1. Do you know which residues across the stretch 335-366 are β-branched (Val, Ile, Thr) and within 17 Å of Ser306 (Cβ to Cβ)?
2. Is it true that some residue in the stretch 296-314 is surrounded by fewer than 24 Cβ atoms within 10 Å (Cβ to Cβ), out of contact with any Pro (no Cβ under 8 Å at 6 or more places or on another chain) and under 30 Å from Pro409 (Cα atoms)?
3. One residue is enough: does the stretch 366-380 have a residue meeting the conditions under 19 Å from the mean Cα position of the chain (by Cα) and part of a helix (DSSP H, G or I)?
4. Residue by residue through the stretch 88-107, note down the ones that are free of Cβ contacts under 8 Å to residues at least 60 places away in the same chain, farther than 18 Å from Val147 by Cα and surrounded by fewer than 24 Cβ atoms within 10 Å (Cβ to Cβ).
5. Out of the residues in the stretch 1-49 meeting the condition of being hydrophobic (A, V, I, L, M, F, W, C) and at pLDDT below 85, tell me which one is surrounded by the fewest Cβ atoms within 10 Å (Cβ to Cβ).
6. Can you tell me which residue is modelled with the highest pLDDT among those in the stretch 220-241 that are surrounded by fewer than 20 Cβ atoms within 10 Å (Cβ to Cβ) and in contact with a helix residue (DSSP H, G or I) (Cβ under 7 Å, 6 or more places away or on another chain)?
7. Give the stretch 165-210 a look and list any residue that's surrounded by 24 or more Cβ atoms within 10 Å (Cβ to Cβ) and among the acidic types (Asp, Glu), or say none.
8. With touching a residue at least 60 places away in the same chain (Cβ under 8 Å), touching a Cys at 6+ places or on another chain (Cβ under 7 Å) and of a type in the set (S, T, N, Q) as the only criterion, which of Thr50, Thr57, Thr85 stands out?
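The values are calculated or read from the model by the stated rules, or taken from the named source; none is laboratory data. Being a predicted model, the structure only gives us computed values, none of them experimental. Using ideal geometry, Cβ is built from the backbone for each residue, glycine included, and neighbour counts are taken over all protein chains shown.
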Amino acid sequence: MHASKSTPHFGLRSIALPFGADAQTVLLPASAEVVGPTDSLGRCTEGHSTADSGQETLRAVEAGLAVLDSDGSLSRSRRIAICVTDGTRPTPVELMLSVLLRNLVRRCPAQAELTCVMATGLHRPTGLDRLVTGVAEAGLTGRVNVVAHDAHADDLVEVGTTHIGTPVLINAAVARADVILCVGVITAHPEAGYSGGAKCVVPGVAGAKTITALHDQALQPLELRGELRGNPFRAFLEEAAGLLGRVHVLNAVLHPCGQVARAELGPAVPAHRRASAWFASRYGVALPPSPDVLILGAGGAPSDSSLYLAEGKAWRTGLDLISPGTVLVLVAACRLGVGGADFLAALTGADCSEHAARKARFLRTLIAGVRASYLVHSGIPREVVATLPVTADTVGAQEAVDLALKASPGRRVVALPNPNFVVWTAQPGRTQ
């Protein structure tokens, strides 16, 4: 378990709660338990460097590409597609993509068509400039095409159907490629168990109908963070992506500050399992008993950029921790507000997708399942806050913490500043 760096102050301790690109420092009782790291993207207290990240990424890329090309797969390829996560993920795109591309062009034919596809899924395109920068840093501007995926495009290619009869529609540049490489990171994920792996293909570069079918696999149970075996969501996406038959992934496990701690490049499923196991060994903790006061951060940007992201990336962790007597503090900047018209519709009772409705139910289940709740944010519209069963909202984390302590008859406090780097490894009934 990561321990926070805190300063005792007359029976108190200070901790940093990631908030957007920065953090809010709060004073808690000295007995408070801090679970997981307090660092977040761009905020490092452990001394990790970009140079170390580059070396680890290069190690994985050189070894992985050598294996991939051992049968000539790269040297005879005419089209290669590189799927890259979008701006809602903490992937160090510029570093990982530039290292991959520099080594890739040494092995593929000079006339091979190279296309980087930003894996947006159903998200609005964000972060394409980072792919462009990664290509430029590799010295390949003009040699590599860079595009954003459109899940509603007219030229999607059906590559087959799943065993339950679901058509699998894929981005045309990806579907027609001889080799597909995916660039992403491993974090605990509430539906897929862990992010990364073939998830960069489905839902990343899949058609809207295929993505909707994937989301239908996540109806029950509420929380699958860290679970891979027996996970219907993960099984569906890996079966669907497997229809392409030639998917390799470059997956990184990050330090909380965003630097690369471990990287793996290989066939989608084995490489993903190795990286996920490494994540669990580094960030796995035993589930603590339900506290009197639970302070739940969202890990800072990009994970706390919207209410939509904070709910799925971080706050759903709280479902494992709350009890009816818990007082809850939720912390996320939500600079972009709610996070899309579909989720807004779900929160306000308008027509929406089942996926958005389910996320809204999870959020309300979390908030309504406690004694009192306080929301710390800076960007959620007042009319949206009014739809949530929170006791109060504020822009200041210390104010919310003070209110929570007053509202709780107990004094056992647990804080998770960055749940993105926490996975429960000792919980009854859990398998990995």
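1. So the first thing to find is which residues in the stretch 335-366 are β-branched (Val, Ile, Thr), and the list is 338, 348, 365.
Selection gives Val338, Thr348.
2. Yes, the stretch 296-314 has at least one match.
3. Initially, the stretch 366-380 is screened for residues under 19 Å from the mean Cα position of the chain (by Cα), giving none.
No: the stretch 366-380 contains no residue that is under 19 Å from the mean Cα position of the chain (by Cα) and part of a helix (DSSP H, G or I).
4. Within the stretch 88-107, the subset free of Cβ contacts under 8 Å to residues at least 60 places away in the same chain is 94, 98-99, 101-103, 105-107.
The next check asks that each one be farther than 18 Å from Val147 by Cα; those that pass are 99, 102-103, 105-107.
Those that are free of Cβ contacts under 8 Å to residues at least 60 places away in the same chain, farther than 18 Å from Val147 by Cα and surrounded by fewer than 24 Cβ atoms within 10 Å (Cβ to Cβ): Arg102, Asn103, Val105, Arg106, Arg107.
5. Filtering the stretch 1-49 down to residues hydrophobic (A, V, I, L, M, F, W, C) leaves 1, 3, 10, 12, 15-17, 19, 21, 23, 26-28, 30, 32, 34-35, 41, 44.
Imposing the further condition that a residue be at pLDDT below 85 reduces the set to 1, 3, 10.
Values: Met1: 13, Ala3: 11, Phe10: 6.
The selected residue is Phe10.
6. Let us first name the residues in the stretch 220-241 that are surrounded by fewer than 20 Cβ atoms within 10 Å (Cβ to Cβ), namely 220-223, 229-230, 232, 235, 239.
Now restrict to residues that are in contact with a helix residue (DSSP H, G or I) (Cβ under 7 Å, 6 or more places away or on another chain): 222-223, 232.
Values: Leu222: 53, Glu223: 65, Pro232: 92.
Across the stretch 220-241, the extreme among qualifying residues is Pro232.
7. Glu191
8. Details: Thr50 fails: touching a Cys at 6+ places or on another chain (Cβ under 7 Å); Thr57 fails: touching a Cys at 6+ places or on another chain (Cβ under 7 Å).
Just a single option satisfies the conditions, and that option is Thr85.
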